[in-house]
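What follows is a short report on a single structure.
The values are calculated or read from the model by the stated rules, or taken from the named source; none is laboratory data. Note that the structure is a prediction, hence the values are computed from the model and not measured. As a convention, Cβ positions derive from the backbone with ideal geometry for all residues, glycine included, and neighbour counts pool all protein chains shown.
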Amino acid sequence: MKNILVTGGAGFIGGNFIHYLLQNRSDCRVVCFDALTYAGNLETLGEVLDNPRLRFVHGDITDRGAVYRLFEEEGFDAVVNFAAESHVDRSIDTPEIFLKTNILGTQVLLDACNKFQTKRYHQVSTDEVYGDLPLDRPDLFFTEETPLHTSSPYSASKASADLLVMAYYRTYSTPVTISRCSNNYGPYHFPEKLIPLMILNALEDKPLPVYGDGKNVRDWLYVEDHCRAIELILEKGRVGEIYNVGGHNEKQNIEVVKTILKALGKGEELITFVRDRPGHDRRYAIDPAKIHRELGWLPRTSFDDGIQKTMDWYLKNRAWWEHIRSGDYQNYYEKQYGMRL
Ligand code: NAD
Ligand code: TDX
């Protein structure tokens, strides 16, 4: 049985990854290490917090002492680093915390892997490190060889972390892999990001704020397909390699917003065009040929199915998002663990 550290496991993708591992891998034990920032929500792990194969530890990846103590105690076989500040708009307002968590936090984890001889460090990165593509060149895609060309403090911090990961591989032979995935969507997505924000605003008949002309293109992947890609990379990926992950599901933002409105039976008068995001990337599009060729990965969920499943999930899990909207989710840790500490 493998002992896996999942950092940032109370967030959107890390939380889905933990659910995925506990459901599909009876040979895994998981330790979730998460600082529970505004984006971390223990209710995302609510159903599995009592699972004997999961341990939750509250902590910050930039806290070297806490990270080393955990590695010493647990002797991890693998580390998957999801912990990050992840919202582009916040990085424009407050860049510093992005540099601290995303770059320095990654360095602490890499150092811990070297010190405790962890057999694999996996960095969860993003297609945003490649910058953007022009809208009038649909023939262009990001490959693993596309030069890094970042636009926002967020993407610059993620690219910096990737460079550090590859530098540790070359200098110290740290056994690393990196995945660079396109935009994810699905259950437990924090409602500051496009898809969950639009679903919730539509449900509450609030305006749907579309940046600029709404023609920016994102390449959407259902979160479970991303989780399966990471599982495959951990098992069969070559050390020192980068794998792009994406499913050729390019959509203009306005198209996504209209799809959601139609499916929820709401009118397009809710759409409100607002001031554009500064430095707004025009188009992301992943070429996933390498992960398909080497690891046999292909996405299993189409956008039509995935967006319907996502809307159904938000309709069935009102308490999860209502607690976020009211701020109550931030008391969950106290409620869950306060009596036990
Ligand atoms: P998220 O913001 O939903 O979750 C981030 C989690 O990390 C939260 O639980 C938060 O509490 C935790 N965290 C933040 N700072 C921490 C710290 N210093 N120490 C420990 N934990 C900390 O993010 P997400 O959307 O789930 O993204 C996860 C990872 O995937 C990120 O690295 C992001 O860059 C990458 N990624 C995201 C997408 C996407 O579409 N969401 C796409 C590609 C890559
Ligand atoms: O209110 C909004 N209105 C709007 O038009 C929001 C929140 C977003 N948008 C636009 C901006 C983008 O073109 O929608 C698109 C998607 O925006 P986000 O959901 O903020 O995602 P993005 O900026 O594309 O970044 C996401 O994908 C890559 C994740 O947040 C990153 O963590 C990941 O690395």
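If you go through the stretch 207-266 and pick out every residue that is assigned to a helix (DSSP H, G or I) and either among the acidic types (Asp, Glu) or out of contact with any Ser or Thr (no Cβ under 7 Å at 6 or more places or on another chain) (or both), you end up with 22. Just one of (1) touching a residue at least 60 places away in the same chain (Cβ under 8 Å); (2) within 12 Å of ligand 1 (Cβ to nearest atom); (3) of a type outside the set (S, T, N, Q); (4) touching an Asp or Glu at 6+ places or on another chain (Cβ under 9 Å) fails for Ala84. It is (4). Condition check for Thr150 on (1) of a type in the set (S, T, N, Q); (2) in contact (Cβ under 8 Å) with a residue 40 or more places away in the chain; (3) not in a helix (DSSP H, G or I): one failure, at (2). Taking the stated definitions as given, is Ile291 within 16 Å of ligand 2 (Cβ to nearest atom) and either farther than 27 Å from Asp89 by Cβ or part of a helix (DSSP H, G or I) (or both)? Criteria not met by Ile291.
Looking at Tyr211, is it under 30 Å from Tyr329 (Cα atoms) and at pLDDT 95 or above? So Tyr211 fits the description; yes. For the stretch 267-293, what are the residues that are of a type in the set (A, V, I, L, M, F, W, C) and touching a His at 6+ places or on another chain (Cβ under 9 Å)? Hits for the stretch 267-293 are Ala285, Ile286.
Of all residues in the stretch 268-285, those that are farther than 15 Å from Lys206 by Cβ and more than 16 Å from ligand 1 (Cβ to nearest atom) have Cβ atoms under 8 Å from Cβ atoms of residues that are part of a loop (DSSP other than H, G, I, E, B) and of a type in the set (A, V, I, L, M), 6 or more apart or on another chain, in Arg282/Leu135. Would the stretch 169-189 turn up any residue that is within 16 Å of ligand 1 (Cβ to nearest atom), part of a helix (DSSP H, G or I) and modelled with pLDDT of 95 or more? The answer is no, given that none of the residues of the stretch 169-189 is within 16 Å of ligand 1 (Cβ to nearest atom), part of a helix (DSSP H, G or I) and modelled with pLDDT of 95 or more. The set of residues from the stretch 107-130 being in contact with a strand residue (DSSP E or B) (Cβ under 8 Å, 6 or more places away or on another chain) and in a loop (DSSP other than H, G, I, E, B) comprises Thr118, Lys119.
Hey, among the residues in the stretch 90-106 that are part of a helix (DSSP H, G or I) and away from ligand 1 (no atom under 12 Å from the Cβ), which one's surrounded by the fewest Cβ atoms within 10 Å (Cβ to Cβ)? Within the stretch 90-106, the match that is surrounded by the fewest Cβ atoms within 10 Å (Cβ to Cβ) is Asp93.
Evaluated against (1) surrounded by 15 or more Cβ atoms within 10 Å (Cβ to Cβ); (2) more than 15 Å from ligand 1 (Cβ to nearest atom), Tyr222 falls short on exactly one condition, (2). Taking each residue of the stretch 103-131 that is at positive phi and looking for partners that are at pLDDT 95 or above and of a type outside the set (Ser, Thr, Tyr) with beta-carbon atoms closer than 6 Å, six or more apart or interchain, yields Gly131/His149. Ser125 meets each of the listed conditions (1) over 23 Å from Ala159 (Cβ atoms); (2) of a type in the set (S, T, N, Q); (3) buried (at least 23 other Cβ atoms within 10 Å of the Cβ) apart from (1). Would you mind stating whether Gly75 is in contact with a Ser or Thr (Cβ under 7 Å, 6 or more places away or on another chain), on the phi > 0 side of the Ramachandran plot and more than 8 Å from ligand 1 (Cβ to nearest atom)? Here the answer is no, as Gly75 does not meet what is asked. Annotation note: Cβ proximity below 6 Å between a residue of the stretch 302-314 that is closer than 12 Å to Tyr185 by Cβ and a residue that is aromatic (Phe, Trp, Tyr) and surrounded by 13 or more Cβ atoms within 10 Å (Cβ to Cβ) (sequence gap 6+ or interchain) occurs for Phe303/Trp220; Gly306/Tyr222; Thr310/Tyr185.
Contact map, the stretch 166-188: first residue under 15 Å from Gln123 (Cα atoms), second residue in a helix (DSSP H, G or I) and of a type in the set (D, E, K, R), Cβ cut-off under 6 Å, separation 6 or more or different chains; pairs are Ile178/Asp162; Arg180/Asp127; Ser182/Asp127.
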